[in-house]
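A short worksheet on the structure shown next.
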Amino acid sequence: MVLTSVGKMVGLQKKTSGIRNICILAHVDHGKTTLADCLISSNGIISSRLAGKLRYLDSREDEQIRGITMKSSAISLHFVKGDQEYLINLIDSPGHVDFSSEVSTAVRLCDGCIIVVDAVEGVCPQTQAVLRQAWLENIRPVLVINKIDRLIVELKLTPQEAYLHLKNILEQINAVTGALFTSKVLEERAEKETESETISDAAPRDQIYDWSTGLEDTDDSHLYFSPDHGNVVFASAVDGWGFGIEHFAKLYSQKIGIKPAVLLKTLWGDYYLNTKAKKIMKGDQSKGKKPLFVQLVLDNIWSLYEAVMKRDKEKIEKIVTSLGLKIGARESRHADPKVHLNAICSQWLPISDAVLSMVCNKLPSPLDITAERVEKLMCVGARTFDSLPSETQELKSAFMKCSSEETAPVIVFVSKMFAVDAKALPQNKPRPLTQEEIAHRRELAKRRHAEKLAANQGKELSEKPPSENSSEATGNAGDTKGKEQQLTGQAEITTSKETKQEADNKESFIAFARVFSGVVKRGQKIFVLGPKYDPAESLHKLSSQCSATNDPPLVPHMTCCTLVNLYLLMGRELEDLEEVPAGNVLGIGGLQDFVLKSATLSTSPACPPFTPLSFEATPIVRVAVEPKHPSDMPQLVRGMKLLNQADPCVQVLIQETGEHVLVTAGEVHLQRCLDDLKERFAKVQISVSAPIIPFRETITRPPKVDMVNEEIGKQQKVAVIHQTKEDQTKIPEGVQVDSDGLVTISTPNKQATLSVRAVPLPEEVTRLLEENSDLIRTMEQLNTSLNEDKKTHEINQKTLDRIKEFKQKLEQHLQGRKWRNAVDQIWSFGPRKCGPNILLYNFEGYKRSVWQCLGNTVKEVSNYRDFDNSIVSGFQLATLSGPMCEEPLMGVCFTVEKWEINKGGETLSTSSQHVGECDTVEHKQNEDTPLTSSCTDAICSVNEHQDSSQRVSKSPEKVSKHKGEISLADCYGPFSGQLIATMKEACRYALQAKPQRLMAAMYTCEIMATAEVLGRVYAVLSKREGRVLQEEMKEGTDVFIIKAVLPVAESFGFADEIRKRTSGLASPQLVFSHWEIISSDPFWVPTTEEEYLHFGEKADSENQARKYMNAVRKRKGLYVEEKIVEHAEKQRTLSRNK
């Protein structure tokens, strides 16, 4: 029976000091949902017997089948401790790495979290990840060490060994926390140092050995988990027991006569009890004594387990009576000893009391939100809190007060949207009828029955067909009249069949949100602030008294909406609410048209959008989706839109090829998304392509040795020069390629000549560019606004410092003769102006820099200035799709070493040419027109944030004008287009002049396996091109942790195969890590005698890179050079054979 009514919950919501917003975080299968079940059963929502078996918060069918949580779900619990009442908003989150985005959405709404750790497995990769997420969001953790029963039943440890094992786990967790804390302190100290350096130049020698001072000064004792701090609970959720040491401290203080405060400090640690002196002494290990924790706590639990497992009835009865418990006959007679055990333990040490009292004591209420966290939430991107407008800074006090007054501004954060079946909404649920409604219904039924009788009598009386029809019509009319009355009288319960079906088919979206300030009311009008909304820009457009109730003027990234419904989230159930005060977690209905995934809602336009959620997993697994029946396409498109809204991590794209693509975080995530699409959102049959594996293209330095490790140039060449001939045929006329890879090419009208060289970038530089892509994008936006002479808001000093630091790092890595002045000559990054490739200019008479925002702007007028954007656009196109298989480039530097514009090119721009001359130009340009216009269109689509200071000629409308005849004024247009195409071709030929390689996406793979299945794990890894990095044994167990890297292309079905081969004893965790060059050359053919001897004439031993390249080319419909029939023999008919 549910112990707490909704009315009670509503009352508790108003007492902010008694609210605790918490989430449960852990590695997969460490017992989060089982622990949640135990806490829910304490409120009577589910039976305590079913706790752990029911997994109440796993409400999806596939969650129950797979046995893992896939989405975070919330429930509100009531807890009474002494005379204090608490409302606990509990959010259960997934532990599987594919769903780590759900963890981010849960963590943002909470003030504290429970970290659950398996007592056998200890700290796992995902435990570290969730600790890091909690740390980044500034929320306080407490620890539950779960599954202690496994130490007794499975590992059969003695109490002393178990104590040492638990101590070891605590040290591991504290080491992770300590590392996070250290990095933060050192960062802060470095920032302070840079500030002090700018103020006064201190002597550098004073600070040489001074690196640890910041750590020594700061107090970190509150961060660590220790049972004597009261932030650790030892538990076994499946057996229903758990305790903090304060429980035993109170218990034994009466028995032994030692103060509880003393016991609290000594129950955990190297202390033992001197029974003669009745004193607690230090140094149990050296004297060979039992620690207090073992003697007073663990020994008792171990003896209870032993008695129950061995069915020692006398001992059990003795224990039960001494503890003063009442055990039912049903439990004590049950065949399974675990049931008996659960009955005893859950009464003696109820887990819900231990965990919830720890939560109430140790975790903060919404009132205790720290100033640091508020500032972090309010500062988007690189902006500092001080740079925000004064109205915005004033909102900080509203956050800190968390007040529920009428005057307080309403601030709500929506962390995700989740889909709910429309039937589950409170307003659509059938409810019991009142006496008046039953009487009303009876009346309606009587009336309808009388009308039917009258109609039937009329039918019998009438003999003529027309009158028959008319009586039927009247009968029908009466019937419909009755129905109408029924509908109006009782619309909620009796709806017509059609509307019922519509409701059945419809998915309703509910926003998963938290109120940070003010009171949210049903029907209230509120602003929805998008992630790009900037209060600084829009406040001057809006009046100070502006509110969502009046019609505000149009402001970018801000809309106005009405909160249709407010819900109390109760796991699988939803309850209607009228209003929700600050500090509570709630569901909001009616936002699906205004919020895509997450948003900030506020009644004040000065409120900034909250910092976007940080996701641990990157979406990498792509599949193309299409309906089995083409007529179902509209439903699929609609379904994909809904799926995109319902899942915080999934991405839905339409590629240039017209394919609808789903991008997901991993295989399990992909499977869930496809199931949702088929069964909930699109409700159509769909066919799914094989996973689309992303690759990158790059170039390397020419190798020193060939495929048989012979030094190149020393060995004897065979008379097979077909490869070099092929290479020559690749390059068309009019393109010159030097021996060192410099490509010279002219535009079709011969008015400009470009020389381009491609060089591989050092690995560190590529990594640096990838990590700083957001910073490069910010630089691009700043440069654009500088070029347009816009008065933008003052560039933030912190951003400038970051840009300077980024430039210094680039200069450090790009050293040596060939990279001299390279950093200052960077013209652009690509693709999409923020990718891991660089374009340099290295010719006289031109200066332009991406470092304009640092103040070194160069205003100069030259012929190059008119067309330089065309060169950049050509480079963007070339880096977006490489020559091997049209995949983006990575780690390539293109240098423009010569760019000549002839006199004709100059006059083209002024359109002062001869008509005769123009005719010849016209002829050339008409040949090139289709390419130019398509290029320009492509650029417009590729470079969404293209530099808008480009010339008129770049716009597709202008280019399309010259399709027929070219007017004199229009001669200028196609020339920029030709430059784009020429630059693209030059980049591609420059790439082909160097050794090309494919880069594959790699997963890091962590596998936990026992010694007996280790060989099988290695077999699966080697079969799938995996590479083991390290293997270590977990202390105190027979479990090995294997760390390996595995290509994404080979990872599909990997987890299932490992489980099958190891009979479920090993399970991998795959997380996207980096891009790695595949060492083999996709175009390699044998050219030397040694290679012929080793590989044979056909060299048909499988070349991994070629296999990948051809697979991508086939998928994209590009030409693939392969024989359809190989090793064919002449067929011999039967008659010949006789």
Positions within the stretch 273-289 being farther than 28 Å from residue 344 by Cβ and either surrounded by 16 or more Cβ atoms within 10 Å (Cβ to Cβ) or of a type in the set (Phe, Trp, Tyr) (or both), in sequence order: 280, 284, 289
Unmet criterion (only one of (1) more than 30 Å from residue 539 (Cβ to Cβ); (2) modelled with pLDDT under 85) for residue 418: (2)
Among (1) of a type outside the set (Phe, Trp, Tyr); (2) under 31 Å from the mean Cα position of the chain (by Cα); (3) surrounded by 16 or more Cβ atoms within 10 Å (Cβ to Cβ), the one test that residue 1056 misses: (3)
Those residues of the stretch 403-440 which are in a helix (DSSP H, G or I) and touching a strand residue (DSSP E or B) at 6+ places or on another chain (Cβ under 6 Å), in sequence order: 422, 426
Strands (runs of 3 or more DSSP E) contained entirely in the stretch 550-599, each with at least 3 residues that are out of contact with any helix residue (DSSP H, G or I) (no Cβ under 8 Å at 6 or more places or on another chain) and open to solvent by 40 Å² or more (accessible area, probe 1.4 Å): 558-562
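Can you list the helices (runs of 4 or more DSSP H) found entirely within the stretch 1059-1138 that contain at least 1 residues being at pLDDT below 80, open to solvent by less than 100 Å² (accessible area, probe 1.4 Å) and more than 27 Å from residue 882 (Cβ to Cβ)?
1089-1095, 1134-1137
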Cβ pairs under 6 Å, 6+ apart, first in the stretch 392-405 and within 19 Å of residue 12 (Cβ to Cβ), second open to solvent by 40 Å² or more (accessible area, probe 1.4 Å): 402/367
Subset of the stretch 394-426 (residues that are open to solvent by 10 Å² or more (accessible area, probe 1.4 Å), under 30 Å from residue 650 (Cβ atoms) and of a type in the set (Gly, Ala, Ser)): 419, 424
Complete set of residues in the stretch 55-91 that are touching a residue at least 24 places away in the same chain (Cβ under 8 Å), outside any strand (DSSP E or B) and of a type in the set (Lys, Arg): 66, 71
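Go through the stretch 682-704 residue by residue and tally those that are part of a loop (DSSP other than H, G, I, E, B), exposed (fewer than 11 other Cβ atoms within 10 Å of the Cβ) and in contact (Cβ under 8 Å) with a residue 12 or more places away in the chain.
3
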Whichever residue in the stretch 290-315 is in contact with a Leu (Cβ under 8 Å, 6 or more places away or on another chain) and without any contact (Cβ under 8 Å) to a residue 40 or more places away in the chain and, among such residues, is most open to solvent (accessible area, probe 1.4 Å): 295
So residue 338, is it in a helix (DSSP H, G or I) and among the basic types (Lys, Arg): yes
Of all residues making up the stretch 139-154, the number that are out of contact with any Pro (no Cβ under 7 Å at 6 or more places or on another chain), open to solvent by 40 Å² or more (accessible area, probe 1.4 Å) and either within 18 Å of residue 1004 (Cβ to Cβ) or not β-branched (Val, Ile, Thr) (or both): 3
Check on residue 283, on the phi > 0 side of the Ramachandran plot and over 50 Å from the mean Cα position of the chain (by Cα): no
Unmet requirement for residue 94, which otherwise passes all of (1) open to solvent by less than 40 Å² (accessible area, probe 1.4 Å); (2) of a type outside the set (Val, Ile, Thr); (3) not in a loop (DSSP other than H, G, I, E, B): (3)
Matching residues in the stretch 600-613 - criterion: being open to solvent by 10 Å² or more (accessible area, probe 1.4 Å) and more than 23 Å from the chain's Cα centre (by Cα): 603, 604, 605
Residues of the stretch 626-644 classified as open to solvent by less than 20 Å² (accessible area, probe 1.4 Å) and either among the hydroxyl-bearing types (Ser, Thr, Tyr) or in contact with a strand residue (DSSP E or B) (Cβ under 6 Å, 6 or more places away or on another chain) (or both), total: 3
Selected residue [among the hydroxyl-bearing types (Ser, Thr, Tyr) and surrounded by 22 or more Cβ atoms within 10 Å (Cβ to Cβ)] from 236, 253, 226: 236
Selection count where residues are in a helix (DSSP H, G or I) and either open to solvent by less than 10 Å² (accessible area, probe 1.4 Å) or at pLDDT 90 or above (or both), scope the stretch 504-522: 0
Condition broken by residue 657, with the remaining ones in (1) polar (S, T, N, Q); (2) touching a helix residue (DSSP H, G or I) at 6+ places or on another chain (Cβ under 9 Å); (3) not in a loop (DSSP other than H, G, I, E, B) satisfied: (3)
The stretch 523-546 residues that are at pLDDT below 75, paired with ones that are part of a strand (DSSP E or B) (beta carbon under 6 Å, 6 or more apart): 541/555
Flag for residue 994 being at pLDDT 50 or above and surrounded by fewer than 23 Cβ atoms within 10 Å (Cβ to Cβ): yes
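The values are calculated or read from the model by the stated rules, or taken from the named source; none is laboratory data. All values reported here derive from a predicted model rather than from experimental measurement. Please note: Cβ atoms are built from the backbone with ideal geometry, for glycine as well, and neighbour counts cover all protein chains shown. Surface areas here come from the heavy atoms of the whole protein model, side chains and all, with no ligands, DNA or RNA. Shrake-Rupley method; radii C 1.70, N 1.55, O 1.52, S 1.80 Å.
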